[in-house]
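The values are calculated or read from the model by the stated rules, or taken from the named source; none is laboratory data. Just so it is clear, the model here is predicted, and its values are computed rather than measured. Counting neighbours? That spans all protein chains shown, and the Cβs are built from the backbone with ideal geometry, glycine included. Accessible surface areas use protein heavy atoms only, side chains included; no ligands, DNA or RNA. Shrake-Rupley method; radii C 1.70, N 1.55, O 1.52, S 1.80 Å.
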Amino acid sequence: QVQLVESGGGLVQPGGSLSLSCAASGRISNIYTMAWYRKAPGKQRELVATITSSSNTNYADSVKGRFTISRDNAKNTVYLQMNSLNPDDTAVYYCNADIWSPNGYRGNYWGQGTQVTVSS
């Protein structure tokens, strides 16, 4: 039983900040790459940022310079610090990870999502 649970979403004014977290729980031996995606109304799901276990990161052009992805390997947790938010950032944010158990590769897992709304 492996699950990813996001937290930290909410309502914020334009120019404000929010911090998201996603904790993986269960029988886990390794998570190499973790990622944040988002789905805005009327738009396709978008890859926001990725981070490897060695903290190599990649960002979508739309969030570069504003968002920072990080992780705590000991806690199997990934974070997304979002600054200078604008209404275009409004979306449901999902975390994603490839999960290994002591028995081997378990699969690709998704969190249920957390709503981020940027509005005045």
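Descriptive notes on the structure:
- Kirkwood radius for the chain, taken over all pairs of different Cα atoms as the inverse mean of 1/r, rounds to 14.4 Å.
- Karplus (6.51, -1.76, 1.60) ³J(HN,Hα), θ = phi - 60°, over segment 71-87, in Hz, Gly and Pro reported as x: 8, 10, 5, 5, 9, 6, 10, 10, 10, 9, 8, 10, 10, 6, 5, 10, x
- Note on Arg106 and Ser19: the model spin-label points, each 7 Å out from Cα along the C-beta direction, lie 2.6 nm apart.
- Take each peptide in 83-90, 66-73, count the other Cβ atoms within 10 Å of every residue, and average; sorted highest first, the result is 66-73, 83-90.
- Amide proton proximity set for Arg71, modelled H, under 5 Å, gap of 5+: Tyr79
- Accessible surface for the chain, divided over its residues, is 53 Å² per residue with a 1.4 Å probe.
- Summed side-chain charge close to Asn30 - residues other than Asn30 whose Cβ falls under 12 Å, Lys, Arg +1, Asp, Glu -1: +1
- Apportionment of accessible area to carbon and sulfur, the chain, percent (1.4 Å): 44 percent
- Scanning residues 5 or more positions from Val48 or on other chains, those with amide H under 5 Å from its amide H are Trp36, Tyr37, Arg38, with H placed 1.01 Å from N in the peptide plane.
- Taking other residues whose beta carbon is less than 13 angstrom from the beta carbon of Leu47, and scoring Lys, Arg as +1 and Asp, Glu as -1, yields +3.
- Among Glu46, Glu6, the sequence by solvent-accessible area, most first, with a 1.4 Å probe is Glu46, Glu6.
- Net charge dipole size for segment 1-103 [Lys, Arg +1 and Asp, Glu -1 on Cβ; Debye, nearest 20]: 80 debye
- Averaging the Cα positions of each part gives two centres, and for segment 49-120 and segment 1-47 these lie 5 Å apart.
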